[in-house]
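Inspection log for the structure reproduced underneath, given as structure tokens.
Derivation of every value follows stated rules applied to the coordinates shown; laboratory data play no part. The shown structure was predicted, so the numbers you read here are calculated from the model rather than taken from an experiment. Backbone-built Cβ (ideal geometry, glycine too); neighbour counts: all protein chains shown.
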Amino acid sequence: MENIDYIEIIGLCAAFLTTASFLPQVYKTWKTKDVSGLSLPMLVMFFTGVVLWLIYGLLLNSPSLIMANGITTISLMLLFIFKIKYNNR
């Protein structure tokens, strides 16, 4: 048990919870094709922040930061695609 990094375990728990909380929005947007509630400026700012957190995690070699922000980056890219694709409906 000496090799367990308890700080990283806390980070992994936080990463799971914050990333998982974002996925229902992606699913709902995909199913309903309703993007009216998605603010493009918010998406751009959030995406920029998440990409910076991902870079920071890569530089620190932090699995929790890499996992959470990698998955969230993909989720945000999907929301961008949905926003562009479904905005004219």
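Which residues, taken from the range 44-67, are outside any helix (DSSP H, G or I) and either within 10 Å of the chain's Cα centre (by Cα) or exposed (fewer than 13 other Cβ atoms within 10 Å of the Cβ) (or both)?
If the condition is that a residue be outside any helix (DSSP H, G or I) and either within 10 Å of the chain's Cα centre (by Cα) or exposed (fewer than 13 other Cβ atoms within 10 Å of the Cβ) (or both), then Asn61 is the only one that fits.
Among (1) under 29 Å from Tyr6 (Cβ atoms); (2) surrounded by 12 or more Cβ atoms within 10 Å (Cβ to Cβ); (3) of a type outside the set (Gly, Ala, Ser), there is one condition Leu79 misses while meeting the rest; what is its number?
(1)
What are the residues in the range 33-63 that are among the β-branched types (Val, Ile, Thr), more than 19 Å from Glu8 (Cα to Cα) and in contact with a helix residue (DSSP H, G or I) (Cβ under 9 Å, 6 or more places away or on another chain), if any?
Matches in the range 33-63: Val35, Val44, Val51.
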